[in-house]
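Remarks on the structure that follows.
The values are calculated or read from the model by the stated rules, or taken from the named source; none is laboratory data. Predicted model, so just to flag it, every value in this text is computed and none were measured. No Cβ is skipped: glycine too gets one built from the backbone with ideal geometry, and neighbour counts run over all protein chains shown. All accessible areas refer to the heavy atoms of the entire protein, side chains included, with ligands and DNA or RNA removed. Shrake-Rupley method; radii C 1.70, N 1.55, O 1.52, S 1.80 Å.
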Amino acid sequence: MHAALARASRLIIRARDERTLFTESCRIVAETVGVKVAVVLLRADRGAVIAASAGPARALFAGVALTPHDDPDVMQSPSREAIVSGRSVVCNDFATDPRTRPWVGRMAPQGIAAMAALPIRRGGAVIGSFSLYVDRVGAFDAELVALLEDLADDLSFALDAIDGEARRERAEREVGAACERLRRLFDVLPVAVT
């Protein structure tokens, strides 16, 4: 896991957009931690959308309406709980946890035995979850959850940095445009010759 955090930290320093940040974070966790499925879910108007994934996430969630009003199973989703509560949610035995019971039939054939959903923040507000699915009951011990929470916090920090960079670039463009307007104004003003 420490290798995943180190790789993720390097990614966070280089990431310039959220799509790359999310996609690569999912890939890194899947490759280095043994996560079968990693998914970034972001809040949408009436539910959530899959923003990035690694592993067979798209197949696992195919046909599932990620809007709570359309699918009551989504209302019981640990990922939704993490988004709504702003706290990490761990289900160390997917088959017996009441919060995951509606999902067992979909996940068990893929070997999913446990999951953790960690909130992702932007500007302090929870905007989604980083959900990780593994094939081992009890996989998420306190140490691993703490490391994963650090990773989710790093993702949140990176999003804030991306937003800050976008604001800086926008301000530079605005200053450049204002300078250009002033230059044009001075170019057309009559100049007194003495």
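Quick notes
- Computed with a 1.4 Å probe over protein heavy atoms only, the accessible area of Leu144 comes to about 30 Å².
- Report summary: the helix-based calculation at 222 nm, which adds -39500 (n - 2.57) for every DSSP H run with n ≥ 4 and divides by the residues of the chain, gives -16000 deg cm²/dmol.
- The residues Thr96, Thr20, sorted by heavy-atom accessible surface at 1.4 Å with ligands and nucleic acids left out, run Thr96, Thr20 from largest to smallest.
- For Gly128, the residues whose modelled amide H falls within less than 5 Å of its own, excluding neighbours fewer than 5 places apart on the same chain, are Arg43, Ile120.
- In the frame of its principal axes, the chain has Cα extents of 91, 39, 26 Å, reported largest first.
- Sequence of Ile127, Ile112 when ordered by accessible area, the most exposed leading, probe 1.4 angstrom: Ile127, Ile112
- Angle of helix 142-188 to the longest C-alpha principal axis of the chain, folded into 0 to 90 degrees and rounded to 10: 20°.
- Nearest 10 degrees, 0 to 90: helix 18-33 Cα axis against the chain principal axis: 30
- Here the dipole of the chain is about 440 debye; that uses its Cα centre as origin and unit charges on the Cβ of Lys and Arg (positive) and Asp and Glu (negative).
- The stretch 107-163 shape via C-alpha gyration tensor axes, a/c threshold 1.5: prolate
- Angle of helix 2-14 to the longest C-alpha principal axis of the chain, folded into 0 to 90 degrees and rounded to 10: 20°.
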